[in-house]
Amino acid sequence: MRECIFIIGTRAQLVKVAPVLKLAAQSELRHVVWFTGQHLESIDDLVNDFDIQSEFVRRDTQSEHSSVLRLIMWLPGTLLDCFRYVRRVRGRDQSAPLVVVHGDTLSTYLGALAGRLAGGRIVHLESGLSSGRLTDPFPEELLRRLTFRLTDLALCPNEDACDRMRKFENCEVINTGENTLLDCVRGTLDTATTGTDRPEYFVASIHRFQNIYRRSTLLRIVDEIIELSSFGPVHFILHPPTELRLKKYGLLERLDAAPGVTLRARMPYTEFLSLIAGARGVISDGGSNQEELSYLGVPTVLFRDRSERPDGIGENVRLFDPRLSSLAEFVRSGDLDALRKPTRLDVEIQPSRISLDAITGWAA
């Protein structure tokens, strides 16, 4: 059986791949996790929380890459190190290793490119998703499309994504039915609190490039969040890039001074999932949050013009443009509360098992 290299760089990737890695550790699949270091904060906590037994190969990275400049400086060396590692594995086994990448981050494309250049076969988890617009969201949509062209085995969460990947010659396509995040949420909520009968608080989690790298856009969001706090406490999650931009634009003190807003550092996944599961509503711009909340049925407002994911859209998830509407009015009118739906955690499909079986079949 050829060796399998999971290339992971961010917290969200590790969360989504965790149930696959747990199954892999119980199987005969020879595998390692090559960690790019794109995110560093709380990675060890996630490994411990999910009890991941896989071997990790880590680069000697000292700090979180939370700015564009740091990412640019980090990219060339990481690409070269990844290429060398995959090539070394190929030389040792005399067969093309499987290189498994996930999602739409810089680490995704970096891993796929390095793996292909080093002679590996590329497996793309969460493949085939697209917003239909090259620059939105940026750079995620561009990174996805570049990764599609390098993919040998596409593991897609829905049939639309499968149809998109079938257009690429020599790419095998498998429908996993849902995202592997479903297995993660189900497993985590076995021990997490799922909320109260009358939720009173909100959670805000903003980190997208389009929302934080323009002061006027971030200012509008901050104003919306402060106004929202008149309806109940708001827990504002401080992602490192968001915190940097809030400080740069002089908005962090404004948020901190708002009596109804509590600034929260990123927290262990179990704690975060419990927090959003018990919320009256969640304000986010993240694709992973959209998926998690679609499974939980919690009312969700996405500060995005479009989403590459169908999860929850038209059900408990609403795309929102603050230039055209008011978040406070959306809550005041009762439209937010009307979004609440039953959970979808009891669906029978097991996307992580389907994914691992496909990877193992290719590794044989």
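The values are calculated or read from the model by the stated rules, or taken from the named source; none is laboratory data. Note that the structure is a prediction, hence the values are computed from the model and not measured. Here Cβ is always computed from backbone atoms with ideal geometry, including for glycine, and neighbour counts include all displayed protein chains. For the accessible areas, the whole protein counts, side chains as well, though only heavy atoms, and no ligand, DNA or RNA atoms are used. Shrake-Rupley method; radii C 1.70, N 1.55, O 1.52, S 1.80 Å.
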query = For segment 257-273, does any single residue satisfy the condition of being open to solvent by less than 20 Å² (accessible area, probe 1.4 Å) and among the acidic types (Asp, Glu)?
reply = no
request  = Might you let me know whether segment 331-351 holds any residue that is in a loop (DSSP other than H, G, I, E, B), modelled with pLDDT under 95, farther than 16 Å from ARG208 by Cβ and among the hydroxyl-bearing types (Ser, Thr, Tyr)?
outcome  = yes
Within segment 312-330, residues out of contact with any Lys or Arg (no Cβ under 9 Å at 6 or more places or on another chain) and in a loop (DSSP other than H, G, I, E, B) come out as GLY314, LEU324, SER325
_Yes/no for SER27 being open to solvent by 20 Å² or more (accessible area, probe 1.4 Å), within 24 Å of ILE174 (Cα to Cα) and either at pLDDT below 95 or in contact with a strand residue (DSSP E or B) (Cβ under 8 Å, 6 or more places away or on another chain) (or both)_ = yes
The residue that is surrounded by the fewest Cβ atoms within 10 Å (Cβ to Cβ), considering only those in segment 214-252 that are aromatic (Phe, Trp, Tyr) and free of Cβ contacts under 8 Å to residues at least 40 places away in the same chain, is TYR249
Over segment 125-143, the set of residues free of Cβ contacts under 8 Å to residues at least 60 places away in the same chain and surrounded by fewer than 18 Cβ atoms within 10 Å (Cβ to Cβ) is LEU134, THR135, LEU142
For segment 90-124 the number of residues that are surrounded by fewer than 24 Cβ atoms within 10 Å (Cβ to Cβ) and among the small types (Gly, Ala, Ser) is 5
For VAL298, the lone unmet condition from (1) assigned to a loop (DSSP other than H, G, I, E, B); (2) open to solvent by 10 Å² or more (accessible area, probe 1.4 Å) is (2)
Looking across segment 100-119 at residues that are assigned to a helix (DSSP H, G or I) and farther than 20 Å from CYS156 by Cβ, the single one that is farthest from the chain's Cα centre (by Cα) is LEU117
For strands (runs of 3 or more DSSP E) lying entirely in segment 155-268, having 1 or more residues that are out of contact with any Leu (no Cβ under 6 Å at 6 or more places or on another chain) and within 24 Å of GLU308 (Cβ to Cβ) picks out 172-175, 202-205, 234-238
Expected single match for of a type in the set (Asp, Glu) and either surrounded by fewer than 20 Cβ atoms within 10 Å (Cβ to Cβ) or free of Cβ contacts under 8 Å to residues at least 60 places away in the same chain (or both) among ASP163, ASP183 is ASP163
Of the residues in segment 144-158, those that are under 20 Å from the mean Cα position of the chain (by Cα) and free of Cβ contacts under 8 Å to residues at least 24 places away in the same chain come to ARG145
